[in-house]
């Protein structure tokens, strides 16, 4: 059976063969957000040895997926370069004021850490997702598949067709999507408090560069 081009990302108490992690404090050298000076928000740390991600040619030890919701940085694509050790060097970002009590009051500096595992979507899930892309609503789906109307975390090179590609800030070539995250995490408030908010991550293998882009339905 052919392996799917993308997988669900699910936080677990323990991981598998590869060292993928969800949230938690940053690993490696990480600059603060250039606008609000808070620690950059870690969505995930991926082990690029996992071929299911399509990141093996980046030439780095780990792939940090970072963002910031507290300020105007979130209003433009965030571009950064990864060092061989996986540390982050900011390249370009949205500039502007800090948001007050946004996305919600007492926003944490980091969310609880967990292992992250890749899980294959089932044929029924893939069929339901096709229905949703075609405009299906809650009542059109089977009851046990209606949760798919809320964006879920997913990863893999097959996501490239689901997210508009951005140009690499270093070489100008189109980047390739490798991960998309919805709102949920181990804090019941989630990343933004909005189930429709998503953040997608794209990579330029030649430059070891990453872009993070947010959107809401």
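Looking at 65, 36, just one residue is in contact (Cβ under 8 Å) with a residue 60 or more places away in the chain, surrounded by 15 or more Cβ atoms within 10 Å (Cβ to Cβ) and in a strand (DSSP E or B), and that residue is 65. How many of the residues making up segment 86-111 are assigned to a loop (DSSP other than H, G, I, E, B), over 19 Å from residue 201 (Cα atoms) and modelled with pLDDT under 90? Selection size over segment 86-111: 7. Is it the case that some residue within segment 113-123 is over 29 Å from residue 72 (Cβ atoms), in a helix (DSSP H, G or I) and either out of contact with any strand residue (DSSP E or B) (no Cβ under 6 Å at 6 or more places or on another chain) or touching a residue at least 12 places away in the same chain (Cβ under 8 Å) (or both)? Yes, the conditions are met somewhere in segment 113-123. Any idea which residue in segment 16-33 is farthest from residue 97 (Cα to Cα), counting only those that are modelled with pLDDT of 95 or more and outside any loop (DSSP other than H, G, I, E, B)? Of everything passing the filter in segment 16-33, 21 is farthest from residue 97 (Cα to Cα).
With respect to being outside any strand (DSSP E or B), in contact with a helix residue (DSSP H, G or I) (Cβ under 8 Å, 6 or more places away or on another chain), in contact (Cβ under 8 Å) with a residue 40 or more places away in the chain and closer than 17 Å to residue 179 by Cβ, residue 4 fits the description. Residue 190: on the phi > 0 side of the Ramachandran plot, touching a residue at least 40 places away in the same chain (Cβ under 8 Å) and surrounded by 15 or more Cβ atoms within 10 Å (Cβ to Cβ), yes or no? So residue 190 fails the test. Taking every residue in segment 128-146 that is closer than 18 Å to residue 195 by Cα and pairing it with any residue that is surrounded by 10 or more Cβ atoms within 10 Å (Cβ to Cβ), at least 6 positions away or on another chain, the pairs with Cβ-Cβ distances below 6 Å are 138/146; 145/128.
The values are calculated or read from the model by the stated rules, or taken from the named source; none is laboratory data. Just so it is clear, the structure is predicted and the values come from calculations on it, not from any experiment. Methodologically, a virtual Cβ is constructed for each residue, glycine included, from the backbone with ideal geometry; neighbour enumeration extends over all protein chains shown.
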